[in-house]
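These notes concern the structure reproduced below.
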Amino acid sequence: MSIMGDSFDEECDYLFKAVLIGDSAVGKSNLLSRFAKDQFQLDSKPTIGVEFAYRNIRVGDKLIKAQIWDTAGQERFRAITSSYYRGALGALLVYDITRRATFENLRKWLYELREYGSSDMVIVLVGNKSDLANSAREVNVEDGQSLAQLEGLSFLETSAKDNLNVEEAFFQMITKIHEIMSQKSL
Ligand code: GDP
């Protein structure tokens, strides 16, 4: 898999939507802008108040365009609606390893993802702010692993600040979505 510097509107073989979700201030926007670098085109849909970004990724001979949605802070006002999740094939479900409450709230976000997203949605559980693990950790790695195992999710700890595992988290999701899409189009 390689990242292309393709232009925003280059013809692609697959286009899919994925969402970022989780409590306020866990680092969703920072993860997205890390993943974005300068190859991303940030855009917004003011009517529904979300932000989204595209990135082109080449897998084998196929060009995949991932459209990734960010809540633009709306979760703060409990204003995420079903349209945010609709049609999404993947999600990064994010908590902050330095705030236990953001981990406890994952159940609520998982419920919403499963209620409104596609039935075979690929969900990657992301424990962000791993750069603060030594000084301020409130959620053990094992807690993240157990939840992921229980719920059938992939799991990674990331640091948007230090750019650790950010690419990996998005790529895990994108690769799995691609696998599902290719099986469906066989
Ligand atoms: P969002 O509300 O989930 O989109 O969170 P933001 O991306 O706006 O980040 C919330 C706060 O956490 C900001 O002050 C960020 O600078 C900080 N932050 C985000 N990611 C990290 C990280 O990986 N490590 C540290 N130490 N701080 C982070």
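Please treat every number below as a calculation from the coordinates, not as lab data. Source: prediction; values computed, not measured. Note that each Cβ is placed from the backbone with ideal geometry, even for glycine, and that neighbours are counted across all protein chains shown.
Pairs of Cα atoms in the stretch 53-186 fall into 10 Å distance bins, from 0 up to the last occupied one, in shares of 11, 41, 37, 11, 1 percent. Fewest-first ordering of R76, R99 by other beta carbons within 10 Å of each residue's beta carbon gives R76, R99. With the simple model of a label 7 Å out from the Cα in the direction of the Cβ, R76 to R100 spans 2.6 nm. When K17, K161 are sorted by how many other C-beta atoms sit within 10 angstrom of their C-beta, beginning with the fewest, the order is K161, K17. At q = 0.12, 0.24, 0.27 Å⁻¹, what log₁₀ I(q)/I(0) does a Debye calculation on the Cα points of the stretch 73-145 give, no solvent, two decimals? These q points yield log10 I(q)/I(0) values of -0.36, -1.10, -1.24. In terms of other Cβ atoms within 10 Å, M173, M121 run from fewest to most in the order M121, M173. FRET efficiency for K62 and R107, Cβ-Cβ distance as r, R0 = 30 Å, nearest 0.05? Taking R0 as 30 Å, the efficiency between K62 and R107 is 0.25. Rounded to the nearest angstrom and listed largest first, the equivalent-ellipsoid semi-axes of the stretch 128-184 from its Cα gyration tensor are 26, 16, 5.
Among the lysines of the stretch 47-186, pairs at least eight places apart or on separate chains and with Cα atoms under 23 Å apart come to 7.
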